[in-house]
1. Name the residues in segment 136-148 that are over 16 Å from Glu77 (Cβ atoms) and not aromatic (Phe, Trp, Tyr), would you?
2. Could you please tell me which pairs satisfy a Cβ distance under 6 Å, a separation of 6+ or placement on different chains, a first residue in segment 38-52 that is within 26 Å of Glu14 (Cα to Cα), and a second residue that is of a type in the set (D, E, K, R) and surrounded by fewer than 21 Cβ atoms within 10 Å (Cβ to Cβ)?
3. Search segment 121-141 for residues being in contact (Cβ under 8 Å) with a residue 24 or more places away in the chain and surrounded by fewer than 16 Cβ atoms within 10 Å (Cβ to Cβ), and hand back the single one that is farthest from Asp59 (Cα to Cα).
4. For segment 40-109, which helices (runs of 4 or more DSSP H) that fit wholly inside it have 3 or more residues that are under 11 Å from the mean Cα position of the chain (by Cα) and crowded, with 21+ Cβ neighbours inside 10 Å?
5. If I go through segment 110-139 residue by residue, how many of them are not aromatic (Phe, Trp, Tyr) and not in a loop (DSSP other than H, G, I, E, B)?
6. Do the conditions hold for Leu147, that is, is it modelled with pLDDT of 85 or more, outside any helix (DSSP H, G or I) and surrounded by 16 or more Cβ atoms within 10 Å (Cβ to Cβ)?
7. Looking only at residues in segment 28-39 that are assigned to a loop (DSSP other than H, G, I, E, B) and at pLDDT below 90, which one is surrounded by the fewest Cβ atoms within 10 Å (Cβ to Cβ)?
8. Test Thr72 against the stated conditions and say whether it is closer than 26 Å to Ile112 by Cα and not charged (D, E, K, R).
Amino acid sequence: MIDLTKTNTGLWREITDNCGDIRKCFNCNTCVAGCPAAEGDPPLFIRNLVRKVLLGLEDELLEDETPWLCVTCSACEEMCPMGVHPFEVCLDIRRWQSKNDETYIPAATAEIFETGHTQAVGQVQEKRKAVGLEAVPPTIIKFPELLKIFQEMLRNTDIVRENDYMFRS
């Protein structure tokens, strides 16, 4: 059982720089409905991440790898009825995790370097169309020239320089 008297009640303020007021999230699950990573193993459920942030469950959130499963397809952003910006929640949690554990290198990091995404976003075009979204999301997959710039930028970071065996392209 979790002792909520020993949690960081201000964690949501610490983490959420770009996603707006996540307190507006009422766990409707709409963001999950169009999320290809929600079908993964383990599944990415933004609502669970939001709940951990709002409850101040730092240890559980620090150990949670699911924010790194986000495929950055933006389906959740387009579908959230409350304007919570679920994709930005994932990014903010990733930043927070990295800041709070400098040795943490998520498995998805090499894939993000290689493709700009953690999953094969180009393979979910039919699913996106089925839920009324544009087949190709407005992300780096639509702009391959930006992937090269992104990779060059990452090559200048400590994580890539110090772990170059993981980052080949």
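1. Pro144, Glu145, Leu146, Leu147, Lys148
2. From residues that are within 26 Å of Glu14 (Cα to Cα), the pairs are Lys52/Glu60.
3. Among those that are in contact (Cβ under 8 Å) with a residue 24 or more places away in the chain and surrounded by fewer than 16 Cβ atoms within 10 Å (Cβ to Cβ), it is Val131.
4. Numbers: elements: 46-55, 58-63, 75-79, 86-100.
Answer list for segment 40-109: 86-100.
5. The qualifying residues number 14.
6. Considered against the rule, which asks whether it is modelled with pLDDT of 85 or more, outside any helix (DSSP H, G or I) and surrounded by 16 or more Cβ atoms within 10 Å (Cβ to Cβ), Leu147 comes out as no.
7. If we filter segment 28-39 for residues that are assigned to a loop (DSSP other than H, G, I, E, B), which is where we start, we get 28-29, 34-35.
When the remaining residues are screened for being at pLDDT below 90, the result is 34-35.
Working: Gly34: 21, Cys35: 27.
Selected residue: Gly34.
8. Numbers: closer than 26 Å to Ile112 by Cα: yes; not charged (D, E, K, R): yes.
In short, yes.
The values are calculated or read from the model by the stated rules, or taken from the named source; none is laboratory data. Keep in mind that what you see is a predicted model, and the values were worked out from it rather than measured. Ideal geometry is used to build each Cβ from the backbone, glycine not excepted, and the neighbour counts take in all protein chains shown.
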